[in-house]
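Bear in mind that the values in this text are calculations on the coordinates, not laboratory data. Bear in mind that the values here come from a model prediction, so they are computed numbers and not experimental data. When we count neighbours, we look across all protein chains shown, and the Cβ atoms used for this are built from the backbone with ideal geometry, even at glycine.
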Amino acid sequence: MLEDLPNVPESIPTPFLLIEEKIVRNNIRRIHDYADRHGFSVRAHVKTHKSIAIARMQIDAGAVGIAVAKADEAKIMANLGNVDITVAYPVVGETRTEGLARLSVDRAVSVAADSEYVMDGLSHAAAQHNTVMGIYVIFDAGLHRCGVSDPKHLVRLVRYAKTRPGLRYKGVQMYLGHLYGDAAGDPESFDKINRLWGPGYKALCSAGLPPETVSSGSTPSLFNTHLVDRVNEIRVGTALLNDYFVLKFGHCSLEECALRVVATVVSDLVPGQVLIDAGSKALSAKQLLRHEALEMGYVVEYPEAKIFRLHEEHGWVDVSRCRHQPKTGDRMSIVPVNAALCMNLYDHFYLRTGREIVRKERVDARGCLV
């Protein structure tokens, strides 16, 4: 367990990121066991950890490839070797399309799209480099962020993908990000998705355009993905590490949270309160509101503590309910509210591979926003 902080070298200055390899591997195993039971392939969505080392663990465990959020992430993760890459995000702009076209010359690259505009840009770049890129048309399952749900519109986009030079229609991508908390386990939530998705799928089949792959993602509802008809791939992001959002809404246990921010108490002058050296630059300013309680992370060693305020370099922690209160100089480990935001704040993380072994690793794709 990560709360065993005495086995983390005191020589590592705080704040720093600590990831427990054993928990990561257990999470990978649990995800693949679920996928195997339901006939899903697993695609590692590396936008959460941005680490080549962790992505290799996922590939070695049987992931069919990786998903990335941005074109620059794809370029970094291409260092994994001949890995199948999906950019699970509409790619707009010549810099992005040209870079992906160059990558696709010697490896499989696909992109999610929900408009002719996006496909035109990709097609032009592919033609310039005499290559082919895959296209996943985005289906809007209810979040209303990207994608289409109207069957005729869906068919029109797929037909367009099939007619554009340099593009190959691979399938359909959806994201269930609107399902969390009780909704992520409610069968009616998935019935509603199927009532949207069913007509779209039938329309594609009737038009002679059945999707080879139907890819779904989102951590809170991950282990209920089998309730969505025709899905055969799951994109795995936050579920690999988990965070306080996932924990607080009951979608994982503390034992399945692999990521911590380790911080030090720098002041205890105010009764019932301590300040730590992890502020918004270390934990991110992401807030979690659940049952009217505003929190900014979960303190493992002091479960009754509440991180209630963040300045750039300081974290304010209410320890008034703690039986044993931390003092200046004490360390604590914090499950951050959002793992992906937190990873992107650091150049490195420390991977604990055993009780006494801590290895420094790069956050390889940090800052890849393009």
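As a rough footprinting exposure proxy, the listed residues L167, L247 were ranked by other beta carbons within 10 Å of their own, and the order from fewest upward is L247, L167.
With neighbours defined as other Cβ atoms within 10 Å of a residue's Cβ, the residues S115, S110 order from fewest to most as S115, S110. Under 5 Å between amide hydrogens, built in the peptide plane, is the criterion, and for G134 it picks out V109, S110, V111, R168 among residues at least 5 positions away or on other chains. Among the GluC sites (Glu not before Pro) in region 294-370, those placed in a DSSP loop whose Cβ has at most 13 other Cβ atoms within 10 Å are E304, E312, E356.
Only the Cβ atoms of Lys and Arg (+1) and of Asp and Glu (-1) were treated as charged; on that basis the dipole of the chain about its Cα centre amounts to roughly 860 debye.
Taking a sphere under 11 Å around the Cβ of K306 and counting the other residues whose Cβ falls inside, with K and R at +1 and D and E at -1, yields a net charge of -1.
Dipole of the chain computed with +1 at Lys/Arg Cβ and -1 at Asp/Glu Cβ about the Cα centre; of P326, A239, S110, farthest Cα towards the positive end is S110.
The phi-based Karplus calculation (6.51 cos²θ - 1.76 cosθ + 1.60; θ = phi - 60°) puts the 3J(HN,Hα) values of region 245-262 at 4, 5, 5, 5, 8, x, 9, 7, 9, 4, 5, 9, 8, 8, 10, 9, 9, 8 Hz, whole numbers, x for Gly and Pro.
The charge dipole of region 21-240, taken about its Cα centre with unit charges on the Cβ atoms of Lys, Arg (+1), Asp and Glu (-1) only, comes to about 260 debye. Which distance in Å, rounded to a whole number, links the C-alpha centroids of region 205-263 and region 303-348? Comparing the Cα centres of region 205-263 and region 303-348, I get a distance of 26 Å.
Given axes a ≥ b ≥ c from the Cα gyration tensor, I'd like to know whether region 21-240 is rounded (a/c under 1.5), prolate (a/b larger than b/c) or oblate. Note, shape of region 21-240 comes out oblate.
Taking every alpha-carbon pair under 8 Å whose residues sit at least 6 apart, the chain reaches a relative contact order of 20 percent.
Averaging the sequence gap over all C-alpha pairs within less than 8 Å and six or more residues apart, then dividing by the number of residues, gives region 19-89 a relative contact order of 28 percent. Among the listed pairs K70/K306; K75/K170; K47/K202, a Cα-Cα separation exceeding 26 Å is found for K70/K306; K47/K202. Around the amide H of R359, modelled in the peptide plane, lie the amide H atoms of L351, R352, T353, all under 5 Å away and 5 or more residues distant in sequence or on another chain.
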